[in-house]
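Beneath this line is the structure, given in C-alpha cells, with notes to follow.
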Amino acid sequence: MATRLSGVARAFGDRVVLDSLDLVLGDGEFTALLGRSGSGKSTLLRALAGLDHEVTGTIDVTGSVAVAFQEPRLVPWKRLLANITLGLDAPVTKAKEALAEVGLAERADAWPLTLSGGEAQRASLARALVREPELLLLDEPFSALDALTRITVHQLVLELWARHRPAVLLVTHDVDEALLLADRVLVLDEGRIAHDVSITAGRPRHREDPELVALRTTLLAALGVSPEGRS
Amino acid sequence: MSVVELARPIEKARATPKGPRRRVTAWHRWLSPLALLVVWQIASATGLLPERLLAAPADIASTAVELTQAGTLPTAIGVSLQRVLIGFLVGGTAGIVLALVAGLSRAGENAVDPIMQALRALPFFGLIPLFILWFGIGEEPKILLVALAVSFPLYLNTFSGIRGVDGKLAEVATTLKLSRGQLIRHIVLPGALPQTLVGLRQALGVAWLALIVAEQVNATTGLGYMINDAREFLRTDVIVVGLLVYSALGLATDAIVRLLERRALAWRRGFLA
C-alpha cells in the first residue's frame with residue numbers, strides 16, 4: 001500500500017529543488033520532514049498533494065490525500081460547518097463529529113474570520129480528517145500559532161493520528177517539534193533525503209529523553225546548526 | 001471636537017452609531033444645510049434671487065405637492081423608473097455574463113476583454129445620435145443607453161473580482177477534490193461578489209446619469225421631459241422638484257444595494273467591526 005516516490009524531480013528555472021528523490025512512507029507512519037528554508041520541503045509536500053503540475057518522476061499514492069496548510073485556508077464566506085463539508089458527500093453528522101473531535105462543536109455556525117488562530121487551525125485539521133485520508137499532509141501547520149496553543153494542537157494531532165491512523169507527513173523547520181511528534185524524521189538537503197532516522201521512544205515524550213537529546217544534536221548538525229550556538 | 005477630523009472607515013463608523021458624542025455630531029450636521037435653506041428663502045422673498053433663476057424653497061415644496069396631487073409627478077417617476085429598471089436589468093445581465101465568460105477562461109478573456117476595453121473608451125453619451133438613427137426616438141434608445149452605461153462597471157468589477165480570488169483557496173479546492181463547477185460555485189463566484197457589489201453601486205449611479213442625459217434629448221414622457229418642459233415656461237420650481245426626485249431615486253437605489261451588501265457580505269462583518 002504505502003506511498004512511494006521515485007525519481008521525483010523539480011526545478012525552478014536553473015535551481016534544482018528536488019533531484020531524483022526516492023522515498024517510501026509507510027501506512028499509518030508519522031513522518032516529519034525537516035530542511036533548511038528553501039530546501040524544497042514544501043515543494044515535496046505540494047507534489048504529494050497534487051498541487052504541482054511540473055514535477056517529474058513517479059508519485060504513487062494509494063487512497064486519498066488531505067492537506068492542512070500553514071495558514072488554515074478556511075473559505076471565509078462559508079460558515080464553519082459548511083467549510084468542513086465542502087466537496088464532501090458524507091452526511092452532516094460526520095462533519096459535526098469531526099468538529100466535536102477538535103473541540104469546535106459549538107462554533108459550527110461561526111464565520112471563519114471570527115475564529116482565533118488556534119481554532120481556525122483545528123478547524124482546518126477537522127476538514128482534512130473528515131475525508132478519512134490515507135495520507136495526511138501537514139505543511140508547517142503549527143508555525144503561526146502561539147507557544148501555548150501550539151502545545152495543545154500538538155496533543156490534538158497526536159490524538160487524532162492515534163485514532164484515525166493515517167500516514168502523516170509533517171513539514172516543519174522545528175527539530176523539537178519533529179522529535180516530539182514523529183516516528184521517523186527525514187532531512188531534505190540538496191534535493192534528496194539526506195538523513196532518515198527512526199525514533200523508538202514511546203509517547204508522551206520528554207525533551208530530556210536521552211534518545212531525543214542525541215537525535216537533536218545529530219539533526220541540528222545535519223541542518224548545519226551547531227547546538228552549542230543555541231541557548 | 002477636534003478641528004481636523006480624519007476620514008474614518010465607513011463600516012467602522014456605522015458599527016458604532018450610538019453614543020452621546022455621535023448623536024450630537026449628527027444633529028450638528030443638519031445646521032448648515034438648514035441655514036442655507038433659510039438664507040435661500042429670504043433671498044427669494046426679498047427679490048434678491050428672482051424666480052426665473054431659482055424658485056423659493058417654499059414654492060418648490062408646494063409645487064411638489066401640486067404635481068403629486070395632479071398625478072404628473074408620479075406618472076413621470078413611473079416612466080423614468082421603468083426605463084432605468086429595464087435598462088439596468090439588460091445591461092447588468094450582459095455585463096455580468098460577459099465578465100463570467102472572460103473571467104472563467106483564458107479563451108473567453110481573449111474573446112471578450114479586448115472588445116470590452118475598446119468599447120469602454122467610447123464616450124457613450126456621444127452615441128446618442130447613432131442610437132436615435134438606429135432606434136428612433138421611442139423608449140429603445142433611452143433604455144439602451146442606460147443598459148450600455150450599466151454594463152461596463154459591472155463587467156469590469158466582476159471580471160477583476162473573479163481574477164482577484166485568492167489562489168490559495170483555489171488550491172484548497174484542488175485538495176478537497178472539488179469539480180470545476182463546484183470551484184466556480186463555492187469559491188470563485190462568492191469570492192468575486194464583494195467586487196461585483198462595488199460595480200453594482202457604480203452601475204446604479206451611472207444608470208441615473210445615463211437616464212437624465214437620454215431624457216434631455218428627446219422625450220415626451222418621464223422626469224426629463226417634465227424638466228425640459230418646465231424650462232420652456234421658466235418654471236424653475238418644477239425643474240428643482242425634478243432634480244430633487246432624481247437624487248432621491250439615486251439615493252434610494254444606493255440604499256438598496258447597501259442593504260444587499262450588508263446581507264451578502266455578512267461573513268466580513270466580524271473582522272470589519
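Being under 17 Å from B:V240 (Cα atoms) and in contact (Cβ under 8 Å) with a residue 24 or more places away in the chain: is that true of B:A58 here?
No: the conditions fail for B:A58.
Inside segment B:85-118, can you point out the residues that are within 24 Å of B:I256 (Cβ to Cβ) and either at pLDDT below 95 or not β-branched (V, I, T) (or both)?
B:L85, B:G87, B:F88, B:L89, B:G91, B:G92, B:A94, B:G95, B:L98, B:A99, B:L100
Determine whether B:V257 is under 30 Å from B:G191 (Cα atoms), in contact with a helix residue (DSSP H, G or I) (Cβ under 7 Å, 6 or more places away or on another chain), more than 14 Å from chain A (Cβ to nearest Cβ) and part of a helix (DSSP H, G or I).
Taking the combined requirement at face value, the residue satisfies it.
Need the failing condition index for A:E140 against (1) farther than 29 Å from A:L44 by Cα; (2) touching an Asp or Glu at 6+ places or on another chain (Cβ under 9 Å), just the number.
So A:E140 meets the others, but not (1).
Which of (1) surrounded by 13 or more Cβ atoms within 10 Å (Cβ to Cβ); (2) modelled with pLDDT under 90 does B:T220 not meet, given it meets every other one?
Of the numbered conditions (1) surrounded by 13 or more Cβ atoms within 10 Å (Cβ to Cβ); (2) modelled with pLDDT under 90, the odd one out for B:T220 is (1).
Select from segment A:86-97 the residues that are touching a residue at least 24 places away in the same chain (Cβ under 8 Å) and either facing chain B (nearest Cβ under 10 Å) or β-branched (V, I, T) (or both) and list them in ascending order.
A:L86, A:L88
Could you list, in sequence order, the residues of segment B:206-236 that are small (G, A, S) and at positive phi?
The one that is small (G, A, S) and at positive phi: B:G222.
When you check B:P190 against the structure, is it at pLDDT 90 or above and out of contact with any helix residue (DSSP H, G or I) (no Cβ under 8 Å at 6 or more places or on another chain), yes or no?
Against the criterion (at pLDDT 90 or above and out of contact with any helix residue (DSSP H, G or I) (no Cβ under 8 Å at 6 or more places or on another chain)), B:P190 qualifies.
Scan segment A:99-112 and give yes if some residue there is hydrophobic (A, V, I, L, M, F, W, C), away from chain B (no Cβ under 12 Å), buried (at least 21 other Cβ atoms within 10 Å of the Cβ) and under 18 Å from A:L169 (Cβ atoms), otherwise no.
For segment A:99-112, residues hydrophobic (A, V, I, L, M, F, W, C), away from chain B (no Cβ under 12 Å), buried (at least 21 other Cβ atoms within 10 Å of the Cβ) and under 18 Å from A:L169 (Cβ atoms): absent.
For residues that are of a type outside the set (A, V, I, L, M) and surrounded by 18 or more Cβ atoms within 10 Å (Cβ to Cβ), tally how many sit in segment B:229-249.
Of the residues in segment B:229-249, 5 are of a type outside the set (A, V, I, L, M) and surrounded by 18 or more Cβ atoms within 10 Å (Cβ to Cβ).
The rows are residues; the columns are (1) surrounded by 18 or more Cβ atoms within 10 Å (Cβ to Cβ); (2) β-branched (V, I, T); (3) modelled with pLDDT of 90 or more; (4) touching a strand residue (DSSP E or B) at 6+ places or on another chain (Cβ under 8 Å).
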| position | (1), (2), (3), (4) |
| --- | --- |
| A:V130 | yes, yes, yes, no |
| A:E134 | yes, no, yes, yes |
| A:F142 | yes, no, yes, no |
| A:V157 | yes, yes, yes, yes |
| A:R163 | no, no, yes, no |
| A:P166 | yes, no, yes, yes |
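Need at least 2 residues that are within 11 Å of chain A (Cβ to nearest Cβ) per element, so show me which helices (runs of 4 or more DSSP H) inside segment B:164-250 make the cut, counting only ones lying wholly within it.
In segment B:164-250, the matching helices (runs of 4 or more DSSP H) lie at B:167-175, B:189-217.
For B:P50, state whether it is at pLDDT below 65 and in a loop (DSSP other than H, G, I, E, B).
When the stated conditions are applied, B:P50 does not pass them.
Residues of segment B:54-80 being hydrophobic (A, V, I, L, M, F, W, C) and touching a helix residue (DSSP H, G or I) at 6+ places or on another chain (Cβ under 8 Å), which ones?
Within segment B:54-80, B:L54, B:A55, B:A56, B:A58, B:I60, B:A64, B:L67, B:L73, B:A76, B:I77, B:V79 meet the criteria.
Criterion first (surrounded by 15 or more Cβ atoms within 10 Å (Cβ to Cβ) and either under 21 Å from A:G87 (Cβ atoms) or touching a residue at least 24 places away in the same chain (Cβ under 8 Å) (or both)) does A:V197 satisfy it?
When the stated conditions are applied, A:V197 does not pass them.
Somewhere in segment B:120-139, is a residue without any contact (Cβ under 8 Å) to a residue 24 or more places away in the chain, of a type outside the set (F, W, Y) and surrounded by 14 or more Cβ atoms within 10 Å (Cβ to Cβ)?
Within segment B:120-139 (the criterion being without any contact (Cβ under 8 Å) to a residue 24 or more places away in the chain, of a type outside the set (F, W, Y) and surrounded by 14 or more Cβ atoms within 10 Å (Cβ to Cβ)), the answer is yes, since at least one residue qualifies.
Can you name the helices (runs of 4 or more DSSP H) wholly within segment A:98-193 that have at least 1 residues being without any contact (Cβ under 8 Å) to a residue 24 or more places away in the chain, farther than 22 Å from A:L86 by Cβ and of a type outside the set (V, I, T)?
A:147-164
Taking the condition of being away from every other protein chain (no Cβ under 12 Å), surrounded by 22 or more Cβ atoms within 10 Å (Cβ to Cβ) and among the aliphatic types (A, V, I, L, M), how many residues in segment A:36-81 meet it?
Counting residues in segment A:36-81 that are away from every other protein chain (no Cβ under 12 Å), surrounded by 22 or more Cβ atoms within 10 Å (Cβ to Cβ) and among the aliphatic types (A, V, I, L, M) gives 2.
So which residues in segment A:22-42 are farther than 8 Å from A:L186 by Cβ, in a strand (DSSP E or B) and in contact (Cβ under 8 Å) with a residue 60 or more places away in the chain?
Result: A:D22, A:L25, A:F30, A:G35.
Can you say whether B:T220 is closer than 14 Å to B:K142 by Cβ, of a type in the set (V, I, T) and more than 22 Å from the chain's Cα centre (by Cα), as far as the supplied structure shows?
So B:T220 passes the test.
The values are calculated or read from the model by the stated rules, or taken from the named source; none is laboratory data. Everything numeric in this text was worked out from a predicted model, so none of it was measured. Please note: Cβ atoms are built from the backbone with ideal geometry, for glycine as well, and neighbour counts cover all protein chains shown.
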